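Peer 1: Got a structure for you, questions after.
The values are calculated or read from the model by the stated rules, or taken from the named source; none is laboratory data. As the structure is a prediction and not an experimental result, all values here were calculated from the model. Cβ atoms come from the backbone with ideal geometry, glycine included; neighbour counts cover every protein chain shown. Each accessible area value is taken on the protein alone, full model and side chains, heavy atoms only, with ligands, DNA and RNA left out. Shrake-Rupley method; radii C 1.70, N 1.55, O 1.52, S 1.80 Å.
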Amino acid sequence: MKESDPSWVEELRIFRQGKKIGHEILYRKEIDSTNLKARDCALQGAKEGLVVLADFQSQGKGRLGRTWKSPPGVNLYCSVVLRPPIPSAQAPQLTLLAGVSVARALTQVSGLPVGLKWPNDLLLAGKKVAGILAEMAAEGPQVQFLVLGMGVNVNWSK
């Protein structure tokens, strides 16, 4: 455990040992973007399943190049490196699958009906509660890697 990592990060590392997703977890208190960090790691050869978590993003990424900031301790920011052996034309399906999976997980944890605004926004009572952003690198017709980023509004009242 790094000196600066919160105890819950170390607990998560222990819980994810031997698993495909989360076998390695990088935590940053502050970061420009978890997707940017995950992409850099993927380009340097990070294994599939690397997870990048942050408490604060200064340049969080959204669709169409949108960026945002949010206060620390408010949201969950997570990006995962995937290396699926699929043609790049099939990669957008992973965004849809991630949206359904995150909606189901949030519904299960909260007991509240989380829905989807296709392709990547998750809604609760008509308000955005989470978003998904997938960014792909391809080599020829095959996916080299995909960074799947998720932001969940946990404590933000806006």
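Peer 1: At 222 nm, what value in deg cm²/dmol follows for the chain if DSSP H runs of at least 4 each add -39500 (n - 2.57) and the sum is divided by all its residues, to the nearest 500?
Peer 2: The helix contribution divided over the chain gives -8000 deg cm²/dmol.
Peer 1: Return the aspartates and glutamates within reach of Lys29: Cα separation strictly under 17 angstrom, same-chain partners fewer than 8 residues apart disregarded; answer none if there are no such residues.
Peer 2: Glu3, Asp5, Glu10, Glu11, Asp55
Peer 1: Related question: In the chain, with Lys and Arg counted as +1 and Asp and Glu as -1 at Cβ, which of these residues, Gly126, Val152, Val81, has the Cα nearest the positive end of the dipole, that is, farthest along it?
Peer 2: Sorting the options by dipole projection puts first Gly126.
Peer 1: Could you report region 1-143's accessible area per residue, 1.4 Å probe, as an integer in Å²?
Peer 2: I get 59 Å² per residue for this part.
Peer 1: If I model a spin label as a point 7 Å beyond the Cα along the Cα-Cβ vector, how far apart are those points for Arg104 and Ala137 in nm?
Peer 2: The answer from the label model is 3.0 nm.
Peer 1: Ranked highest first by the average count of other Cβ atoms within 10 Å around their residues, in what order do 142-153, 13-24, 48-59, 124-135 fall?
Peer 2: The most tightly packed comes first, giving 142-153, 48-59, 124-135, 13-24.
Peer 1: For Leu43 and Arg83 in one chain, what is 0.36 nm times their gap in residues minus the Cα-Cα distance, to one decimal in nm?
Peer 2: Length gained between Leu43 and Arg83: 13.3 nm.
Peer 1: Enumerate the helices in the chain for which the Kyte-Doolittle hydropathy averages -1.0 or more and the C-alpha atoms extend at least 18 Å along the helix's axis, using complete DSSP H runs.
Peer 2: Those that pass (Cα extent of 18 Å or more, hydropathy at least -1.0) are 92-110.
Peer 1: Using Cα-Cα distances under 8 Å and only pairs 6 or more residues apart, what relative contact order does the chain have, in percent?
Peer 2: It rounds to 21 percent for the chain.
Peer 1: Still on this model: Report the full-extension gain for the segment Val74 to Asn155: residue separation times 0.36 nm, less the Cα-Cα distance, to one decimal in nm. Don't skip to the end; give the middle numbers.
Peer 2: On the way: separation 81, 0.36 × 81 = 29.16 nm, distance 0.48 nm.
Here the segment from Val74 to Asn155 would lengthen by 28.7 nm.
Peer 1: Measure off 7 Å from each Cα along the Cα-to-Cβ vector at Lys117 and Lys19, then give the distance between these two points in nanometres to one decimal.
Peer 2: Going by the 7 Å Cα→Cβ label model, 3.0 nm.
Peer 1: Hey, in the GNM for the chain with a 10 angstrom Cα cutoff, which one of Ser88, Ser33, Ser79 fluctuates hardest?
Peer 2: Ser88
Peer 1: If you roll a 1.4 angstrom probe over the protein chains with everything in place, what fraction of the accessible area of the chain belongs to carbon and sulfur, to the nearest %?
Peer 2: Answer for the chain: carbon and sulfur cover 56 percent of the accessible area.
Peer 1: Okay, next question. Of all alpha-carbon pairs in region 104-158, indicate the percentage at a distance above 18 angstrom.
Peer 2: Working: 631 of 1485 pairs.
That fraction is 42 percent.
Peer 1: What is the local net charge at Val114, summed over the other residues whose Cβ is closer than 12 Å to its Cβ (Lys, Arg +1; Asp, Glu -1)?
Peer 2: Combined, the nearby Lys, Arg, Asp and Glu give +3.
Peer 1: Hey, another quick one. Using Rg and Dmax of the Cα atoms in Å as the read-out, say which of (1) 20.0, 92; (2) 15.3, 44; (3) 15.5, 48 was calculated from these coordinates.
Peer 2: Matching entry in (1) 20.0, 92; (2) 15.3, 44; (3) 15.5, 48: (2).
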